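Colleague: Attaching a single structure in structure tokens format; questions to follow.
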Amino acid sequence: DDTLPAVTCELGDSVSSAEPLLFVMKGALAALGTALRTKGLAAREVVIALTLDDGSTVERAIRPARPTSHDGALFDHCRAALEDWSLPEPVTAIELRAADTVPATGEQGNLLAPRWADPAALEAAFDRIRGKEGGDAVAVPEERDGHLPADAGAWVRQALEKKEGDRDDTMKSL
């Protein structure tokens, strides 16, 4: 069977808020992840297709930094896409389908190994935190030359790239 995995869920009633969609999406992505793993595939691209109350369909493609069949990683990407998606009508059905796949690798990632680090994913996570908590919500450790252990480092707010019209945010010790 060469068809790519897809999961469709009818919602029963029209839904106009994100919470019920996320609840259904979590279960659907678990089923999609299982289907991908069963076929030995990892998704490069997953399409979220929402059927609206008026019968029309809107779609958005999700492209993880690395191909994956892990439903938790796919859910994080889909949730982020759904958060900034304004829908013109309530939703009656959701379909999640793997639009582009590659053979899954059995390679286990070591999170501390530099080749497994994903700077784009880290920046995307920081941007989500800044969007919810404010521009100075992200801090990074800074090594300092202090004799006492308490003076050996500090948390420093991460400087944002200044864009035209932004207020002046400078790095400050917390």
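The values are calculated or read from the model by the stated rules, or taken from the named source; none is laboratory data. A quick note: this is a predicted structure, and the numbers were derived from the prediction, not measured. Quick reminder, even Gly has a Cβ in these numbers, built from the backbone with ideal geometry, and neighbours come from all protein chains shown. In case anyone asks, the SASA skips ligands and DNA or RNA and just uses the protein heavy atoms, side chains included. Shrake-Rupley method; radii C 1.70, N 1.55, O 1.52, S 1.80 Å.
Colleague: Being touching a residue at least 12 places away in the same chain (Cβ under 8 Å) and open to solvent by 30 Å² or more (accessible area, probe 1.4 Å) is the filter here, so list the residues in the stretch 14-26 that pass it.
Modeller: Listed by number, the residues that qualify are S14, S16, A18, L22, V24, K26.
Colleague: Oh, and also: Only residues that are in contact with a Lys or Arg (Cβ under 7 Å, 6 or more places away or on another chain) and surrounded by fewer than 17 Cβ atoms within 10 Å (Cβ to Cβ): list them for the stretch 68-87, please.
Modeller: Residues satisfying the conditions are A80, A81, W85.
Colleague: Looking for something assigned to a helix (DSSP H, G or I), of a type outside the set (S, T, N, Q) and either modelled with pLDDT under 95 or under 25 Å from P20 (Cβ atoms) (or both) - is there at least one such residue anywhere in the stretch 84-104?
Modeller: No, that holds for no residue.
Colleague: Another question, then. It is to be established whether one or more residues within the stretch 33-50 are open to solvent by 30 Å² or more (accessible area, probe 1.4 Å), under 14 Å from A99 (Cβ atoms) and within 13 Å of the chain's Cα centre (by Cα).
Modeller: Checked against the condition, which is being open to solvent by 30 Å² or more (accessible area, probe 1.4 Å), under 14 Å from A99 (Cβ atoms) and within 13 Å of the chain's Cα centre (by Cα), the stretch 33-50 yields at least one hit.
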